[in-house]
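One structure below.
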Amino acid sequence: MKKAIVVALMALTATTGMFAQGGPGRRGGGGADRTPPTAAEMVERRVARLTELLTLDAAQQAQAKTIFSEEQTAASALRDKIEAAHDALQAAVKGSASDSQIDQLAASVGTLQGQSLAVHSKAQAKLRGILNS
């Protein structure tokens with residue numbers, strides 16, 4: 001059992017490394033002809049990777065797609081808010097804002113990042129639920 005887990009983790013690490021290296025038409029490759037994947041494509045890839053590693057059945061795949069799609073939707077809404085909060089904080093720093101203003105803006109960034117972390121953590125918990133059922 002431990003050996004299977006180690007092999008799965010090694011495979012996941014190797015796969016992650018390959019994606020991180022980039023190349024033509026891939027992230028990090030700098031190719032002008034590349035278009036980023038859509039949210040649906042990212043969900044499909046994620047489910048396919050998990051299916052390969054964990055041998056998900058059709059019902060688990062469908063549930064995982066729903067979980068990850070909902071996660072993408074919630075995370076996307078937060079991403080814009082986080083970016084705006086970061087921009088406001090940067091502007092305050094450049095504009096020599098008071099310490100209390102910077103504290104307030106930084107706390108706002110932290111709150112939004114916490115909400116984003118909660119979205120991702122809830123999706124992981126739901127996925128674990130379908131794997132253990």
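Only the coordinates and a few stated rules stand behind these numbers; no lab work does. Quick caveat, the model's predicted, so the values are computed rather than measured. FYI the Cβ positions are ideal-geometry reconstructions off the backbone, even for glycines, and counts take in every protein chain you see.
Return yes or no: is I102 part of a helix (DSSP H, G or I), of a type in the set (V, I, T) and within 28 Å of I130 (Cβ to Cβ)?
So I102 fails the test.
Would the range 84-95 turn up any residue that is exposed (fewer than 13 other Cβ atoms within 10 Å of the Cβ) and under 29 Å from A40 (Cβ atoms)?
Yes - at least one qualifying residue is present in the range 84-95.
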